[in-house]
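One structure is given here, and the rest of the page talks about it.
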Amino acid sequence: MKKFAVLTIFVAGVVMASSCLDRQFIEGKVEMVSVSDTLLNDSSLISGQVHHVDADDPEHYYDNEFEIWIENSDWATTTDTTGYYSLKIAPGTYAVKCEATRNHWERLVEETQHIDFAKNTKTTINFYIGYTVE
């Protein structure tokens, strides 16, 4: 019974300590450039690279480490082992979002809002994903 009481006190202490953490978010950013390309046959192409914000060393990526998608659509893709992605879409006005596939924080989703993708346009969108520190 004494072991159970000690275990209960330990678990309660861990729960209280973790609930008091002062989590801080390091915000990310998005960079975007568009150019015309008549070879796209009236569609639009979004491509770019995903980076970790404040990365000093050359970055290493896992396959499918980040997901990029068009909000309220079925268009989605993931990055390769270099952080690169590409997504062909129909022209229109969309929100493009990006997050780490293991992300649990809504605040770490980087996005562009109300972007007009014209036909025959290549748009480069580079995402810089933020992180949390305690």
Practice prompt. May I ask you to say which residue of K97, K88 is within 18 Å of Y128 (Cα to Cα), touching a residue at least 12 places away in the same chain (Cβ under 8 Å), surrounded by 13 or more Cβ atoms within 10 Å (Cβ to Cβ) and basic (K, R)?
Written response: K97
Worksheet item: Of the residues that make up the range 122-131, is at least one of a type in the set (A, V, I, L, M), surrounded by 14 or more Cβ atoms within 10 Å (Cβ to Cβ) and touching a helix residue (DSSP H, G or I) at 6+ places or on another chain (Cβ under 8 Å)?
Response: yes
Practice prompt. Kindly establish whether Y128 is part of a loop (DSSP other than H, G, I, E, B), closer than 15 Å to G48 by Cα and aromatic (F, W, Y).
Written response: no
Worksheet item: With respect to D74, is the statement that it is exposed (fewer than 15 other Cβ atoms within 10 Å of the Cβ), assigned to a loop (DSSP other than H, G, I, E, B) and modelled with pLDDT of 90 or more true?
Response: yes
Discussion item. So, in the range 11-56, how many residues would count as being of a type in the set (D, E, K, R) and at pLDDT 80 or above?
Written reply: 2
Worksheet, complete the sentence: A careful count of residues in the range 40-61 that are within 17 Å of G130 (Cα to Cα) and assigned to a loop (DSSP other than H, G, I, E, B) gives 9
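The values are calculated or read from the model by the stated rules, or taken from the named source; none is laboratory data. Computed from a prediction, not measured in an experiment: that's the story for all the values here. We place every Cβ from the backbone using ideal geometry, glycine too, and count neighbours over all the protein chains shown.
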